[in-house]
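The structure appears right after this line, and notes come after that.
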Amino acid sequence: MNYKINLRKKLYPLWFLLPFLIMISMFFGFPIILTGVMTFTDFDITYRPSFVGFKNYQKIAMDPNFFKILAITFTFTLVALAIIMLMSIVISILTQYFVKRKVARYAYRTIWLSMNALPSIIYAVVIRGVFSPYATSGANYICLKLGLIADPISWLNHFPLVLVIFTTGFLNGANGIIILSAAINSIPEDYYKAARVDGTTEWGIVTQVIIPLLKWPLMYLTVTNAISLISSYNYILLLTEGGPNLRTTTLSLYAYQNAFENSQFGYGAAISIFVVTISIALVLVLFKLFNFDEMIQPCRIDD
Amino acid sequence: MSNKIIIQNNRAVVRGFVVNILLILLTAPVIYFFYWLFTTSIVNSMTGNISFKNWGFLFKEMNLDSIIIPIIWPTLWFTIKFAVLVTLLDTMIAVPAAYAFSRLNFKGKTVLMKGLFFFNAFPSATIMIAIFFLLVNLNLVNTLVGVVLVAVATMLPNHVYILKGFFDDIPWDYEWAALVDGCTRFGTFKQVVLPSATSGIGVIMIFAFLRAYSEWFLFKILIFSTKYTTLAKMMQMMLMDDGDILDYGAMTALAIFFAVPVAVFYMLSQRQLMKISNLGGKKLA
Amino acid sequence: MIKIENLLKTYVINQKQNKVALNGINLEIKDGEFVALLGPSGCGKTTTLMILAGILKPTSGNIYFGDKIVNHVEPKDRNIGMVFQSYALYPHLSVRDNIAFPLKQQKMPKSERYKRVEKVAKSVQLSELLDRKPTQLSGGQQQRVAMARALCKEPEYLLLDEPMSNLDTRLKLDVRDQIRTLQQRLNLTTIIVTHDQEEAMAIADRIAILDQGVIQQFGTPKELYQNPANLFVANFLGNPPMNIIRGNLERDGDFYKIVSNFSKIKVFRKDKSLNKYLQKKIALGIRPAEIMPCDTNDKEAQFFDVTLVEHLGDRILVKMENSNEGEESYLRMICSNIYPIRIGDRIPVKLKIESISLFDLEKNGKNIFIN
């Protein structure tokens, strides 16, 4: 009887974990490996793949678009990241530290929270609309009225990358604002009082007290946003579909288009493997940054 | 002495001024977006007068030049059905898993927790191609089941991670007391731990519902027929339609209609969300 | 009867390190006895209690309830009641349902359950609070609910994990009395874990003092106080604590003295049994109440300079030293406030010979006079 009980006890956690483990291995673990495997096939619309060795990678090296896309990807990621981080820091410090009245603080927080809340589709509609080539409303209307331009501009045709970068940066920044605001709110008042007694200016407090204390959330936000920017293309897809002329196509989008629009699944997989590798590397950086063992609480009930 | 105070006061005034200007500049775009959204939806795009023509989809089928918007209610119903399915499946899988990670002991726990952390941070968009291939082989492409499974799978690591944080906060002595009071280990889970975790579970359900409600991308790549269309997918189709002229009036009206439940939900769950922003409890200062 | 035999408990800390929490515990608790597990934080007292409860399981060794081995018996089958330091009242249940919870697990029908709850609630004056939620109760009320919940299933053993540490001092005394009375009336074998030595001395029949996973001494409060087995026990019990002077044992004519870098204290004993400790490192222990002022001409008088005098009502606490080098070895003395002692005085005092304890520092502070 002892043996039976032991087995039952050992299997007990399995019941809790099994559905989760199955889902994760099927839809995360396995596809990651599968992506790698697919890069060596010529999987396409015929759904009859065969192994072609490194042909896909050779194709990438010979693809005239590839290096342009690589450059766009890095530009996009770095600039959007900068916008996100800058925006998060500036706005959260402004609203949580400098704004003294609780009502105003709450109002700003609500505005940014609601920005984070709404689905991306809605913002895509707004951006497309505000920056539409019509003169009746939106950016053209304002610029014409202010005399900045003479004729309505087709924004998406002339400044596609700028628009896409700013949209992605601006809208993803809201998430960082929330996390940093929570972090700043948890700084005890005494730190500020001590600094002021020492004669520190307000700007000094920002640079010498607040920002050093935000080290962890800032690092976390930088890495997680980098991961997200490298791999996501929802705004690009909705605003410019990668165009015009591939001027806003990033690696992930290129992979998506080759796979789902041209049905070149093997080739698409080969392109996406770059993004997968970079993502894995970034996640490992995240691991390094955060002392992982803190997260694991020992179990305080013996079997 | 008093000069110094005057200078400090002046500085404070100037500073307050600068801060407010900066904030207004930075927040202005957001406010403008909402303003544009609302005004465009009630303006007839042809005449420029105020009308509620754009909101016709509430009552009947709308025939715009390039696209037909069906009456909205069946689509809304389907969207909600989809979101509910995803929420239920996600919750039923995530809650036990989070409890196990938080409270149970098992071989390989460290490795699995590292895996949880890894998949929580890893972007699922990068492996969509492989997922598509997987569904093809399972005959689940173009089915509701397929989309639900993928949607749930992509949210699971994040939700389990968050829920684990909630379970971690429940004091161990509730379980100890329950064990002494006559419960089996499972009994403590069911009767004592679960009821104490309801706020965390509620948060996860809200997250899952809103994510599923907003989902259009999975429908785009995994569904080919128009049998299964959600509100978000509909809007995406309108936005990326090949026709040149987009009826922004209709689209903004649709967008507002779409956004209302989301906004309401978020307002309701504000307090819980603040708790989660605490990066899983890591001390900052 | 509870018997603990060679109990060993080790933990594995992540990188394959082992921490020994309990290093061979042996204890025998009689029926109806009230035993305290006493010691500083981390000594292993709570671990022992948890193993008795069945929440933790022993690494090796045996636990007997009666004559049955219960090492791996689940808590629910041990017929115990337990009260935790934080009371652990279920927040989502009312007071009534909290108390009824154990009975519900026994599948007692609802009406019978609630009847028993009413009865128990009346005996601890909780009858008006039955419909409230735990968060609506004060600390003292929560503690009574926890006791009621532990006792309503009429267990054979009662385990208490620092149940009074969250109460304020006045309440503590009342609760202490209540627990004692209750325990005696029910003749319930009870084990309490505490770090408060005063509490343990007041409430327990016998006390087991633990340090670093080992029982230092197990006996009645009086035994522990008057005949501490080692330096640790001597130091731990008593408020103000026992005076400890460390040094070498040397001869001083017919008598002995403890000589340290900073002072020397005479030990007026004549028995030659101390000879074998000469030149060895010895600690002398004497409780403040066992020192008293005496006549200048008393042959046992030793002189000390008074550095501090605290008034404690009808008694005074005197801090004094006999070296001019520093505070390394001062003594505290408690005596009646009749004596006109002031700071700066040089007073003659004598140490009550029978109350002097000598501890062998080379043998972990073991009391020389106890086998």
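Summary of values
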read-out: Exercise: per-residue mean of other protein chain Cβ atoms within 10 Å, A:178-186; value: 4
read-out: DSSP-defined beta bridges in the range C:2-236 - what % are antiparallel, rounded to 5; value: 55
read-out: Neighbour cut-off at most 15 other Cβ (10 Å), DSSP loop, trypsin sites (Lys or Arg not before Pro), the range C:1-109; value: C:K16, C:K30, C:K107
read-out: Distance in nm between pseudo-label sites at A:T277 and B:V111 (7 Å out along the Cβ direction from Cα); value: 2.6
read-out: Net charge of neighbours whose Cβ lies under 9 Å from the Cβ of A:Q96, counting Lys and Arg as +1 and Asp and Glu as -1; value: +2
read-out: Hits among aspartates and glutamates - C-alpha to C-alpha of C:K352 under 12 Å, sequence gap 8 or more where chains match; value: C:E290, C:E300
read-out: For residues of B:226-238, the mean tally of beta carbons on other chains within 10 Å; value: 2
read-out: Between helix C:95-105 and chain C: long-axis angle, C-alpha atoms, 0 to 90°, nearest 10; value: 70
read-out: Cα centre as origin, Lys/Arg/Asp/Glu Cβ charges: the protein assembly as shown dipole, Debye; value: 820
read-out: Rounded if a/c under 1.5, otherwise prolate or oblate - chain B, Cα gyration tensor axes; value: oblate
read-out: For chain C, built as a Gaussian network whose Cα springs stay under 10 Å, the top-fluctuating residue of C:K119, C:K276, C:K172; value: C:K276
read-out: Degrees between helix C:110-123 axis and first principal axis of chain C (Cα, 0 to 90, nearest 10); value: 30
read-out: Chain A, relative contact order [Cα under 8 Å, separation at least 6], %; value: 26
read-out: Kyte-Doolittle mean at least 1.0 and Cα axial length at least 20 Å: DSSP H helices in chain A; value: A:66-93, A:160-185, A:265-289
read-out: Fluctuation leader among A:G243, A:G147, A:G36 - chain A, Gaussian network, Cα springs under 10 angstrom; value: A:G147
read-out: Shielding by partners, peptide C:87-93 (average Cβ within 10 angstrom, other chains); value: 6
read-out: Protection proxy ranking of A:165-175, B:224-234 - average other beta-carbon atoms within 10 Å, highest first; value: A:165-175, B:224-234
read-out: Whether the range C:243-367 is rounded, prolate or oblate, judged on the alpha carbon gyration tensor where a/c under 1.5 counts as rounded; value: prolate
read-out: Shape call, chain A: gyration tensor on alpha carbons, a/c limit 1.5; value: oblate
read-out: Charge dipole of the range C:2-236 about the Cα centre (unit charges at C-beta), most positive-ward option of C:T10, C:V70, C:F218; value: C:V70
read-out: Average Cα contact separation per residue, the range A:200-291, under 8 Å, 6 or more apart, as relative contact order %; value: 26
read-out: Helical contribution to [θ] at 222 nm, DSSP H n ≥ 4, -39,500 (n - 2.57), averaged over the protein assembly as shown, rounded to 500; value: -16000 deg cm²/dmol
read-out: Charge tally in the Cβ shell below 11 Å around C:V124, where Lys, Arg are +1 and Asp, Glu are -1, C:V124 excluded; value: +4
read-out: Likely footprinting exposure, C:Y339, A:Y267, fewest C-beta neighbours within 10 Å first; value: C:Y339, A:Y267
read-out: Span-rule helices in chain B, defined as complete DSSP H runs reaching 24 Å or more along the axis (Cα) with Kyte mean at least 0.0; value: B:2-41, B:72-103, B:144-168, B:248-268
read-out: Given chain C, longest segment not containing exposed loop GluC sites (Glu not before Pro) (DSSP; at most 14 other Cβ within 10 Å); value: C:157-324
read-out: Net charge, B:W176 excluded, C-beta distance under 10 Å - Lys, Arg +1, Asp, Glu -1; value: -3
read-out: When each of A:K102/B:K4; A:K288/B:K114; B:K164/C:K57; B:K190/C:K110 is checked by Cα-Cα distance, pairs over 18 Å; value: A:K102/B:K4; B:K164/C:K57; B:K190/C:K110
read-out: Residue among A:L14, A:L286, A:L70 with the largest mean-square fluctuation in a Gaussian network model of chain A, springs linking Cα atoms under 10 Å; value: A:L14
read-out: Order of B:M205, B:M92, C:M82, C:M333 - criterion: other Cβ atoms within 10 Å of each residue's Cβ, fewest first; value: B:M92, B:M205, C:M333, C:M82
read-out: Highest average packing first - C:236-243, A:246-253, Cβ atoms within 10 Å; value: A:246-253, C:236-243
read-out: Ordering of C:176-186, C:46-56, A:275-285 by burial proxy (mean other Cβ atoms within 10 Å per residue, highest first); value: C:46-56, A:275-285, C:176-186
read-out: Angle in degrees between helix C:139-151 and the longest Cα principal axis of chain C, rounded to the nearest 10; value: 70
read-out: Over chain B, relative contact order from alpha-carbon pairs under 8 Å, at least 6 apart, %; value: 26
read-out: Per-residue Cβ neighbour rank within 10 angstrom, fewest leading, B:S199, C:S86; value: B:S199, C:S86
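Only the coordinates and a few stated rules stand behind these numbers; no lab work does. Just so it is clear, the structure is predicted and the values come from calculations on it, not from any experiment. A quick note on method: Cβ atoms are made from the backbone with ideal geometry, for glycine too, and the neighbour counts reach across all protein chains shown.
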